[in-house]
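> Questions regarding the structure given below will be posed in turn.
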Amino acid sequence: MYTVSKRAKEYKQPRGGFLPPNSFETIKLDDGIELKEENISPSTVGLTVDYMTRFMGGTSVEKAFDISIRGAKRIKKEEKAKELLKEITGLNDKSIISACKLTGFDTVFRAGPMTYKPIEEINPDEDTIFNIITMIKRSQNFFENYGPVVNEGMTFLGGYTPTVISGDADFMTEDTIWDFKVSKNPIKPFQTLQILMYYLMGCRAIELNAEYDFKNQIKNLGIYNPRKNEIYIKKISDIEKNVILEVEKEVIGYGDKIVDPHLNSILEKIIKK
């Protein structure tokens, strides 16, 4: 059983990937700002930028940091999580420090309690805070031009399988499903596979199709990297049918078998525990 991201990383793709990164259109943005060296992990920075972008876009702080809160509950540190939530008010140093610490609980929910490291050790310095605030502002500018956001943190009840049991996408605009990356490196085949998996699972997701007609509404796969300030986008209509079928069958696990309609309800209960 896999999460979407783990399955995308571990599945052996054909040479170049199912969706070669160079098949995505690249749009470079430029604000003239150079980022600095950071003193905390890239994953913590990435989660903080993601969740704070949601919060600054109008999402409640509790919803924006929902996964972090769930993780804290699993190791009985909910009170600490609540304290940190109260300190997140905007784009200021105290908020960013608290947000970084709060995302330290994410790994508990996503990978299990054994992966937790004390959040007291997460102490972003001045340069790191500068970078995070810059990337959040870049993300806000990105959505001003490519938004608005119509959904975020989407899950795929109805689209999970015994192979891929969990995974949540970052953002959805009117015609594009987006994944945020903050790596210094160019996009990789596992990242393009990941966003394709989100789309294909979204096509079967009960709530997304009931509310948005996701399958017919979404026309593009998009990746935005606020660190590099670059957009990567691909039209779904340009993806070969045989690629779609292989990813559905071999990667996600739809195959020829009908997924038990009760499976996703069971998985949802497991995931929420």
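The values are calculated or read from the model by the stated rules, or taken from the named source; none is laboratory data. The structure displayed is predicted, hence computed values, not measured ones. Heads up, the Cβs are rebuilt from the backbone with ideal geometry, glycines too, and the neighbour counts pull from every protein chain shown.
> Can you tell me which residue within segment 126-161, out of those that are touching an Asp or Glu at 6+ places or on another chain (Cβ under 7 Å) and among the aliphatic types (A, V, I, L, M), is surrounded by the fewest Cβ atoms within 10 Å (Cβ to Cβ)?
V150
> Ok, one more. Please enumerate the residues belonging to segment 35-85 that are of a type outside the set (G, A, S) and in contact with a strand residue (DSSP E or B) (Cβ under 8 Å, 6 or more places away or on another chain).
Scanning segment 35-85 gives V49, D50, T53, R54, T59.
> Check whether at least one residue in segment 128-143 is more than 30 Å from N220 (Cα to Cα) and in contact with a helix residue (DSSP H, G or I) (Cβ under 8 Å, 6 or more places away or on another chain), and report yes or no.
Checked against the condition, which is being more than 30 Å from N220 (Cα to Cα) and in contact with a helix residue (DSSP H, G or I) (Cβ under 8 Å, 6 or more places away or on another chain), segment 128-143 yields at least one hit.
> Residues to consider are I33, I40; find the one that is touching a residue at least 60 places away in the same chain (Cβ under 8 Å) and more than 20 Å from the chain's Cα centre (by Cα).
Only one candidate passes the filter, namely I33.
> Looking only at residues in segment 5-16 that are over 20 Å from the mean Cα position of the chain (by Cα) and closer than 24 Å to R110 by Cβ, which one is surrounded by the fewest Cβ atoms within 10 Å (Cβ to Cβ)?
K12
> Scanning for something over 28 Å from E62 (Cα atoms) and part of a strand (DSSP E or B), does segment 175-185 turn up at least one residue?
Among the residues of segment 175-185, not one is over 28 Å from E62 (Cα atoms) and part of a strand (DSSP E or B), which makes the answer no.
Per-residue answers, yes or no, for (1) in the same structural domain as K215 (by TED's automatic domain parsing); (2) part of a loop (DSSP other than H, G, I, E, B); (3) closer than 12 Å to V49 by Cα; (4) modelled with pLDDT of 95 or more:
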| residue | (1), (2), (3), (4) |
| --- | --- |
| I96 | no, no, yes, yes |
| F109 | no, no, no, no |
| E120 | no, no, no, yes |
| I129 | no, no, yes, yes |
| I132 | no, no, yes, yes |
| N141 | no, no, no, yes |
| M154 | yes, yes, no, no |
| G158 | yes, yes, no, no |
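> Of everything in segment 50-76 that's outside any helix (DSSP H, G or I) and surrounded by 17 or more Cβ atoms within 10 Å (Cβ to Cβ), which residue is modelled with the highest pLDDT?
Here the residue is F65.
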